Amino acid sequence: MVDMGGLRVRLGVLATCTILVGVLPFPVNQANAVACNSGTYAAFEGSAWQPADHTVAGVRAPVQLRRDGLACGTAGNGAVSTWIAIQQGGSGVGIAQIGYAHFYDPVNGQRYCRFWATGDGTNGQSHMNSCTDSNGYRFFKIVRFWDNVSKVYRYEISDCGTSGYGTCTTKDANQISFGWEEGAATEEAWHACQDQLMGSTANRVNIGTSTNALQYIGDYGGTWDKRDIFKVESSTCAAYDATISNNEVVLISDGRN
Amino acid sequence: MAKSRRIAAAVVIAGGGTALSTALLVTGSVSASTGASGNGPIVINSGRHEVFVPAPDNDTSTTGHGAWSTTQTAESAWAAFAALNQFATTDLPAEVTPALGKLTVPIGPVGPAGSMAYDAHDKTVWAYKWTWCQPGVADTNPDPSQCVHWLFLDGDTAIAIDETWQS
């Protein structure tokens, strides 16, 4: 999606560079990583949490929206998104994901929408809604739960509004949990978008804040807490940047903004 | 809309969370109705069982449908949505095809006694489709002209229920 759309995720660690494939359908690697304003592949800037026991039972954060940019590419294929997710580790492509996305709708033009996705995040498994939000933060969370009828764990993807996690609306509760889980809080750009959704060096887009940190739940029944996250950067575009503050805020920018 | 007690009973939220859906809860059938004229259901998302059933004859008028009737026309519902979303024009674009029908959008898995929580269950909607591949998919799709994007608006309020790409 936007990642919005769903995003399939694949993580790999190459020295300081991590490969992450999110909502969209093919892996990103150094060979096909995009250069600035060219290419057709996704670029990821953000963070991930990969606990040793491969167990991530929840992720939550306020995610920032900025509406003052233009999606690049051609109508229909340009998109930038900011999201949190529990994604399938290893070679898996599963994802449970929610956040904001900026689309270049070929009929209706630039649109900034909330989105969520499951499955591999591709067609039919990503959904956009509420494309009228103003600049600001919105609280999202994804929590694994036990489905006592089907006897499986699933993920509940929730939109909790603008003031905290007290009142949430479930967007989806169908996705069966992944055997190998990883957490992600990331910005994703298609066609190497230069887009204010990514923020500027002086005014970055944040996932989490100092008062409402990006938090995860570890093993089932655990508690929300900030974790030992690390930087994810799959693009060769030097203009993109992500930094992590105190393991609680991910700050993302496009230096061209 | 009613709080989903079924979800509350069936699940345990990790971390003590209490995020429960404000959703329509239906016990029994989880399938959408079928158009009286035999128009078959369109599966929007097979994994999620999201289904749209076009009205008989795919008629886009608002009279004569009985249970299919709406207070909005295809044009008025689109205009309301377009205005809310600040589109350049509120006119229904030529590239967009409207259809009246019933939409079913489940939220959760099947619960006890076949119950299920829904965003919409056999809800009369105006559906709009146009050619648009999900970003990323367009780059690998051998025929992007076959990508179908759907927008579903409440037939009476023109409030968006879902917007997605057909699987």
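The set of residues from region B:126-149 being farther than 30 Å from residue B:73 by Cβ and assigned to a loop (DSSP other than H, G, I, E, B) comprises B:135, B:136, B:141, B:142, B:143. The one condition from (1) over 16 Å from residue B:107 (Cβ atoms); (2) more than 7 Å from every other protein chain (Cβ to nearest Cβ); (3) surrounded by fewer than 22 Cβ atoms within 10 Å (Cβ to Cβ) that residue A:181 does not meet is (3).
Being out of contact with any helix residue (DSSP H, G or I) (no Cβ under 9 Å at 6 or more places or on another chain) and over 14 Å from residue A:59 (Cβ atoms) is a description that does not apply to residue A:204.
Each row is one residue, and each column tells you yes or no for (1) in contact (Cβ under 8 Å) with a residue 40 or more places away in the chain; (2) more than 9 Å from chain B (Cβ to nearest Cβ); (3) of a type in the set (Asp, Glu); (4) surrounded by fewer than 23 Cβ atoms within 10 Å (Cβ to Cβ).
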position	(1), (2), (3), (4)
A:114	yes, yes, no, no
A:126	yes, no, no, no
A:139	yes, yes, no, yes
A:144	yes, no, no, no
A:147	no, no, yes, yes
A:151	no, yes, no, yes
A:156	no, no, yes, no
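Taking the criterion of being under 14 Å from residue A:51 (Cα atoms) and within 14 Å of chain B (Cβ to nearest Cβ), the residues of region A:225-257 that qualify are A:225, A:226, A:227. Picking from residues in region B:104-115 that are small (Gly, Ala, Ser) and more than 16 Å from the chain's Cα centre (by Cα), the one that is nearest to the other protein chains (Cβ to nearest Cβ) is B:111. Residues of region B:86-108 that are in a loop (DSSP other than H, G, I, E, B) and either at pLDDT below 85 or surrounded by 21 or more Cβ atoms within 10 Å (Cβ to Cβ) (or both): B:107, B:108.
Exactly one of (1) surrounded by fewer than 24 Cβ atoms within 10 Å (Cβ to Cβ); (2) in a loop (DSSP other than H, G, I, E, B); (3) at pLDDT below 95 is unmet by residue A:193. Its number? Only one criterion in (1) surrounded by fewer than 24 Cβ atoms within 10 Å (Cβ to Cβ); (2) in a loop (DSSP other than H, G, I, E, B); (3) at pLDDT below 95 is unmet by residue A:193, namely (1).
In region A:199-221, the qualifying residues are those that are within 14 Å of chain B (Cβ to nearest Cβ) and modelled with pLDDT under 85, and the one that is surrounded by the most Cβ atoms within 10 Å (Cβ to Cβ) is A:220. Taken residue by residue, region A:30-51 has at least one member that is touching a Leu at 6+ places or on another chain (Cβ under 8 Å), modelled with pLDDT under 75 and of a type outside the set (Phe, Trp, Tyr). Of the residues making up region B:116-132, those that are at the interface with chain A (Cβ under 9 Å from one of its Cβ atoms) and surrounded by fewer than 24 Cβ atoms within 10 Å (Cβ to Cβ) number 2.
Across region A:92-104, the number of residues qualifying as at pLDDT 90 or above and either in a loop (DSSP other than H, G, I, E, B) or at the interface with chain B (Cβ under 9 Å from one of its Cβ atoms) (or both) comes to 4.
Among residues of region B:88-103 that are facing another protein chain (nearest Cβ under 10 Å), those with a beta-carbon under 8 Å from a residue that is at pLDDT 95 or above at least six positions away or on a different chain give the pairs B:89/B:82; B:93/B:130; B:95/B:130; B:96/B:78; B:96/B:128; B:96/B:129; B:96/B:130. Regarding residue B:160, is this residue at the interface with chain A (Cβ under 7 Å from one of its Cβ atoms) and farther than 14 Å from residue B:97 by Cβ? Spelling it out, residue B:160 is indeed at the interface with chain A (Cβ under 7 Å from one of its Cβ atoms) and farther than 14 Å from residue B:97 by Cβ. Hey, any hits in region B:53-69 for a residue that's at pLDDT 90 or above, within 22 Å of residue A:133 (Cα to Cα) and not basic (Lys, Arg)? No, region B:53-69 contains no residue that is at pLDDT 90 or above, within 22 Å of residue A:133 (Cα to Cα) and not basic (Lys, Arg).
The values are calculated or read from the model by the stated rules, or taken from the named source; none is laboratory data. Please read these numbers as outputs of a predicted model, since none were measured by experiment. When we count neighbours, we look across all protein chains shown, and the Cβ atoms used for this are built from the backbone with ideal geometry, even at glycine.
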